[in-house]
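One structure is given here, and the rest of the page talks about it.
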Amino acid sequence: MKRSVLLIVSLLVACTPVKQPPEAIPTGSPQSTTNQVVAENVELERYLKLALAAYNKDQLLTPEQDNAFKYYTLAQKLDPQDPRAARGLERITERYLALALQAADRSSFAGARSMLGRAKIVFESVRVNNPDFASPDFESIAAQIDVLSGAQSTRLRLNSAQIKNRDSVLISRLKALGSLAKKPDTRVVITVRNDADGRWVYQQLRKAPGEFRIRGEINIGSPARVELIQLNGTE
């Protein structure tokens, strides 16, 4: 009887299927390579999305942990041939050059030179993977900043209530200033609270006698003012 029981148990053990461990995917196999490529593509798209969001907020090189330069650089490391990453870095360079000129127009010359320096930093990164990328004319922009920083300026503070009421006293002051604005090599920067006020101030300046056309720009900001920049005979 005991022998029969032992025989039955032995047969049951022999018939029980043995669980095999799951087969590992060999490194370098087609499936492993495909999974890696998919993961890298997902990461690449994530970096490009973060880069664009940061760029649109003018987070170009700062803050340190969340800026467009960082994300475009990471994207380029994943795929050096992806044109979107290279173009993103080019756009950062172009944006810094625009900010440099805007700062110079506001007479913020230290800020202008800082923006120009940042443009050069980004450009050097672009050129590493894109040696054919044409260099912006840094020297010309630096020269423009130097010209503006050495220019003479005349500033007239404007009373917001007078602008709103289209005050006759203010009209006379603007007309007198307009004669200076029409001198050669003079630029005008009008800063007011809205476009309508800016256009009105510009029209009053235009009414002044003088043969040269007034050249300048309108900025939205405060305090309200008109600034004349005399470029000392240089463009």
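What follows draws every value from the coordinates through simple rules; no lab data is involved. Since the model is a prediction, treat every value here as computed from it, not as a measurement. FYI the Cβ positions are ideal-geometry reconstructions off the backbone, even for glycines, and counts take in every protein chain you see.
Computed from the Cβ-Cβ distance with R0 of 30 Å, the FRET efficiency linking residue 207 to residue 106 stands at 0.70.
Maximal additional length on extending the residue 175-residue 161 stretch stands at 3.2 nm, based on 0.36 nm per residue less the C-alpha distance. Each residue, residue 222 and residue 137, gets one label point 7 Å from its Cα in the Cβ direction; the gap between the two is 3.9 nm.
For the stretch 40-149, what's the relative contact order in percent, using C-alpha pairs closer than 8 Å and at least 6 residues apart?
Answer for the stretch 40-149 is 21 percent.
The mean sequence distance of close C-alpha pairs (under 8 Å, at least 6 residues apart), as a share of the length of the stretch 175-235, puts its relative contact order at 50 percent. The lysines whose alpha-carbon is closer than 27 Å to the alpha-carbon of residue 120, local same-chain residues fewer than 8 away aside, are 49, 57, 70, 77.
When you filter the chymotrypsin sites (Phe, Trp or Tyr not before Pro) in the stretch 146-235 for DSSP loop state and at most 11 other Cβ atoms inside 10 Å of their Cβ, you are left with 212.
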